[in-house]
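Peer 1: Take a look at this one; I'll ask things after.
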Amino acid sequence: MIEVKGIHKNFGRLEVLKGIDFHVAEREVVCVIGPSGSGKSTLLRCINQLETVQQGHIFIDGVEVTNPKTDINALRQQVGMVFQLFNLFPHKTTLENITMAPIILKGMPKEQAEEIAIGLLRKVGLPDKDHVYPAQLSGGQKQRVAIARALAMHPKVMLFDEPTSSLDPEMVGEVLSVMKDLAHEGMTMVVVTHEMGFAREVGHRVIFMDEGIIMEEGSPVNIFDNPQNSRTQSFLSKVL
Amino acid sequence: MAITPYPMLFGATLWEKLTAINGFNVVASNWAYFIEGGLVTLQLTVLSVSAGMVLGLIIALMKMSRWRLLSSVAVIYIDFFRGTPLLVQVMLFHFGILPIFIDSGPFLSGVIACSLNSAAYVAEIVRAGIQAVDRGQMEAARSLGMNGSQAMRYVILPQAYKIVVPPMINEFVMLLKDTSLVSVIAVMELTHRGKLLYSTTYEAAWVWGAVCVVYYIMTKTIAMMGDWIERRLATE
């Protein structure tokens, strides 16, 4: 579903990604872990072209994202993204946050979009929060609305950029459980995360990144219980 | 000068004392003259602010444009109008530039000069407002598949609007006061009327005092309206 081939990315003189290759199969959940500054968020943002790469190619469902001729807006409609800081639209209610993109981009009638949105709110466990503004929600609730907003476009892939890193500890669980449900439904997911428990339990594959390269990659069991790379070992010894 | 006294309001003795002062009589018998001047000032300001807002928004978007030519034109425009005195701009346009194109009277010249000047300030207010919207908002909108102008229209501008209101009210008040400069080209606005009345009566304290009072009433009213709008936006 996602194919990343030899990408390099630098911000000015700082090289953040130094040749990344990986792929994500359909219905696969890939968790990307690693220390801060290792380039994992940048990698995720390159996949939907919030960052452009200097070198290399990225394909989503056979379409080259990195080709300037690709209609990136149409492609992004198929790639949902969830941000660390939620980025809900504060001037819109939760329902409007979810219906906005389908109405504007797909020309969906308002009633139909709202019906879908209410279904999604139920799915993320917030059925009674439809007419509430984001400021009135807790962090965990905001992030669940953000997931619903991304799902409203019926994406083929979901990208999660540290979705629980800015949450209070007691709210992490509610967001992870929504993500777990999504994974069980067969959604293709790339999750940049510091939640090792989630990566181990839900991830089909774990990628360990450091200093802009993929140091080690494998099944959760291999990475967590039997890491081969010394960097992976020292990172895991600090976080586990 | 025939003045209708208001004994119920002031009391007979106070009124007698006041009417014994020449400056008071000058102001009291010319109150309509001041009010009319205030209305001209208000017209000048409202027209200039409205035109300035439209032009300012265009210049702000030009300045943020990726197209170098557009942004350079906007930068030069803003630099010129903010970097030179409005008084000089008024004279430049009225005596120097506008006569080449149109036969404009002082009022129209005043409106044009003030509009062009205000647009430069509005452009910076709008640009600051747009850039004050969190970067994540644009990213969220784009990641959903909106193009740049859809994201601007549905996500960024509605949020920038709230940020821009207070400095825009401030610009309104500033411009209202700055329109006094068009008295230099003899627009019959408040300050010019003050000059004329002063030059025939020499009652500086009373005449200029009255001019101040009329300006103050107008700026205070605008500020209060601004507070009301801000409160309403805050509760939305």
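Just so you know, all these numbers are worked out from the coordinates, no wet-lab data involved. What you see is a predicted model, and the numbers here were worked out from it, not measured in a lab. Glycine gets a Cβ as well: all are built from the backbone with ideal geometry, and neighbour counts include every protein chain shown.
Peer 1: With a point put 7 Å past each Cα toward its Cβ, work out how far B:TYR161 is from B:SER29 in nm, to one decimal.
Peer 2: Each label point lies 7 Å from its Cα, and together they span 5.2 nm.
Peer 1: With +1 assigned to the C-beta of every Lys and Arg and -1 to the C-beta of every Asp and Glu, and no other charges, what is the dipole magnitude of the range B:119-236 about the Cα centre in debye, to the nearest 20?
Peer 2: Values: 11 positive and 10 negative charges, 32 e Å.
Here the size comes out at about 160 debye.
Peer 1: Also, I was wondering about something else. What does the charge add up to near A:ASN226, with Lys and Arg as +1, Asp and Glu as -1, over the other residues with Cβ less than 13 Å from its Cβ?
Peer 2: It works out to a net charge of -1.
Peer 1: May I ask for log10 I(q)/I(0) of the protein assembly as shown at q = 0.13 Å⁻¹, from a Debye sum over the Cα atoms as equal point scatterers with solvent left out?
Peer 2: -1.15
Peer 1: A further question follows. Averaged over peptide B:153-160, how many Cβ atoms belonging to another chain are found within 10 Å of each residue's Cβ? Before the final figure, lay out each step's value.
Peer 2: Details: counts 1, 7, 6, 1, 0, 4, 4, 0.
The mean count of partner-chain Cβ atoms within 10 Å per residue comes to 3.
Peer 1: Right, next: Let me confirm one metric for peptide B:162-168, namely the mean number of other chain beta-carbon atoms within 10 Å of its residues' beta-carbons.
Peer 2: Partner Cβ neighbours, averaged per residue: 0.
Peer 1: Determine ³J(HN,Hα), in whole Hz, for all residues of the range A:79-95 in sequence, where each value follows from phi through the Karplus function 6.51 cos²θ - 1.76 cosθ + 1.60 and θ = phi - 60°; x replaces Gly and Pro.
Peer 2: 10, x, 9, 10, 9, 4, 9, 6, 6, 5, 7, x, 8, 10, 5, 4, 4
Peer 1: If you don't mind, another one. Along the Cα→Cβ direction, 7 angstrom out, place labels at B:THR219 and B:LYS177. What is the inter-label distance in nm?
Peer 2: About 0.3 nm, to one decimal.
Peer 1: In the structure shown, do any of A:LYS156/A:LYS238; A:LYS129/A:LYS156; A:LYS142/A:LYS180 have a Cα-Cα gap over 29 Å, and if so which?
Peer 2: Flagged as over cut-off: A:LYS156/A:LYS238.
Peer 1: So, one more: Is the range A:97-180 best put as rounded, prolate or oblate by its Cα gyration tensor, with a ≥ b ≥ c the root eigenvalues, rounded for a/c under 1.5, and otherwise prolate when a/b is larger than b/c, oblate when not?
Peer 2: Because a/c hits 1.5 or more and a/b exceeds b/c, the range A:97-180 counts as prolate.
Peer 1: Assign one of three labels to the range A:129-168, namely rounded, prolate or oblate, based on the Cα gyration tensor with a ≥ b ≥ c the square roots of its eigenvalues; rounded applies when a/c is under 1.5, prolate when it is not and a/b is larger than b/c, and oblate otherwise.
Peer 2: oblate
Peer 1: Additional query: Could you compute the FRET efficiency for B:CYS212 and B:THR13, with r as their C-beta to C-beta distance and R0 at 45 Å, rounded to 0.05?
Peer 2: Calculated value: 0.95.
Peer 1: Loop only by DSSP, 16 or fewer other Cβ within 10 Å of the Cβ. Give me the GluC sites (Glu not before Pro) in the range A:155-240 that pass, ordered by residue number.
Peer 2: Filter output for the range A:155-240: A:GLU185, A:GLU211.
Peer 1: Taking H as built 1.01 Å from N, whose amide H comes closer than 5 Å to the amide H of A:ARG205, not counting residues under 5 places away?
Peer 2: Here A:VAL29, A:CYS31 satisfy the definition.
Peer 1: For chain A, with a Gaussian network of springs between Cα atoms less than 10 Å apart, report the residue from A:ASP161, A:ASP210, A:ASP61 with the top mean-square fluctuation.
Peer 2: Looking only at A:ASP161, A:ASP210, A:ASP61, the biggest GNM fluctuation is shown by A:ASP61.
Peer 1: Please give the Cα centre distance for the range A:200-235 versus the range B:158-205, rounded to the nearest Å.
Peer 2: About 69 Å separates the Cα centre of the range A:200-235 from the one of the range B:158-205.
Peer 1: Pick from B:TYR202, B:TYR33, B:TYR154 the residue whose mean-square fluctuation is largest in a GNM of chain B, springs joining Cα atoms under 10 Å.
Peer 2: Sorting by GNM fluctuation, first place goes to B:TYR154.
Peer 1: Convex hull volume of the Cα atoms in the range B:40-235, per residue, in Å³?
Peer 2: In the range B:40-235, the Cα convex hull volume per residue is 128 Å³.
Peer 1: In addition: Need one number: nm distance between label points at A:GLU115 and A:VAL239, each 7 Å from Cα along Cα→Cβ, rounded to one decimal.
Peer 2: For A:GLU115 paired with A:VAL239, the spin-label model returns 4.3 nm.
Peer 1: Do you know the relative contact order of the range A:111-240, to the nearest whole percent, from alpha carbon pairs under 8 angstrom that are 6+ apart?
Peer 2: 16 percent
Peer 1: Now for a different question. Counting only the backbone N, which residues of the range A:22-37 are under 17 Å from the spot 7 Å out from the Cα of A:ILE213 toward its beta-carbon?
Peer 2: A:22, A:34-35
Peer 1: Counting only C-alpha contacts under 8 Å and six or more residues apart, can you give the relative contact order of the range B:40-235 as a whole percent?
Peer 2: 27 percent
Peer 1: What is the antiparallel percent of DSSP beta bridges lying wholly in the protein assembly as shown, to the nearest 5? Each step should come with its number before you reach the end.
Peer 2: Details: 20 of 37 bridges.
Here the antiparallel bridges make up roughly 55 percent for the protein assembly as shown.
Peer 1: As a footprinting exposure proxy, order A:ARG76, B:ARG127 by other Cβ within 10 Å, with the fewest listed first.
Peer 2: Ordered from fewest to most neighbouring Cβ atoms within 10 Å, A:ARG76, B:ARG127 come out as B:ARG127, A:ARG76.
Peer 1: Evaluate the relative contact order of chain A (contact order divided by residue number), counting alpha-carbon pairs under 8 angstrom at least 6 apart; express in whole percent.
Peer 2: Once normalised by length, the contact order is 27 percent.
Peer 1: Also, I was wondering about something else. A:GLU217's amide H: which non-local residues (gap 5+, or another chain) put their own amide H closer than 5 Å, with H modeled 1.01 Å from N in plane and none for Pro or chain starts?
Peer 2: Close amide H contacts, sequence-distant or interchain: A:PHE208.
Peer 1: Which FRET efficiency, nearest 0.05, do A:SER230 and A:ALA135 yield, Cβ-Cβ r, R0 56 Å?
Peer 2: For A:SER230 and A:ALA135, the calculated efficiency is 0.75.
Peer 1: Related question: Helix A:169-184 versus the longest principal axis of chain A: what is the Cα-based angle in degrees, 0 to 90, to the nearest 10?
Peer 2: 90 degrees
Peer 1: So how do B:PHE93, B:PHE101 line up by other beta-carbon neighbours within 10 Å, fewest first?
Peer 2: B:PHE101, B:PHE93
Peer 1: Turning to a different aspect of this structure: Work out from phi, with θ = phi - 60° and the Karplus expression 6.51 cos²θ - 1.76 cosθ + 1.60, the ³J(HN,Hα) of each residue of the range B:60-77, listed in order in whole Hz, and give x for Gly and Pro.
Peer 2: 4, 5, 4, 5, 8, 5, 6, 7, 4, 4, 4, 5, 5, 4, 5, 5, 5, 4
Peer 1: Run the numbers for B:ALA186 and B:TYR202: contour at 0.36 nm per residue of separation, minus the present Cα-Cα distance, in nm. Can you show the working numbers first?
Peer 2: Numbers: separation 16, 0.36 × 16 = 5.76 nm, distance 1.91 nm.
My answer for the length gained is 3.8 nm.
Peer 1: My understanding is that a pair violates if its Cα-Cα distance is over 23 Å; which of A:LYS5/A:LYS40; B:LYS63/B:LYS162; A:LYS18/A:LYS69; B:LYS177/B:LYS220; A:LYS92/A:LYS123 do that in this structure?
Peer 2: Long pairs (Cα-Cα over 23 Å): A:LYS18/A:LYS69.
Peer 1: Any idea what the dipole of the protein assembly as shown comes to, in debye rounded to 20, about its Cα centre with Lys/Arg Cβ at +1 and Asp/Glu Cβ at -1?
Peer 2: I would put it at about 700 debye.
Peer 1: Around A:MET179, under 15 Å between beta carbons, what's the net of Lys plus Arg minus Asp minus Glu among the other residues? Display every interim value, and only then the final one.
Peer 2: On the way: positive: A:ARG27, A:LYS123, A:LYS142, A:ARG144, A:ARG149, A:LYS180, A:ARG200; negative: A:GLU28, A:ASP161, A:GLU162, A:GLU174, A:ASP181, A:GLU185, A:GLU195, A:GLU201.
Around A:MET179, the surrounding residues sum to -1.
Peer 1: Rank A:LYS106, A:LYS69, A:LYS156 by mean-square fluctuation in a GNM of chain A with C-alpha springs under 10 angstrom and give only the top-ranked residue.
Peer 2: A:LYS69
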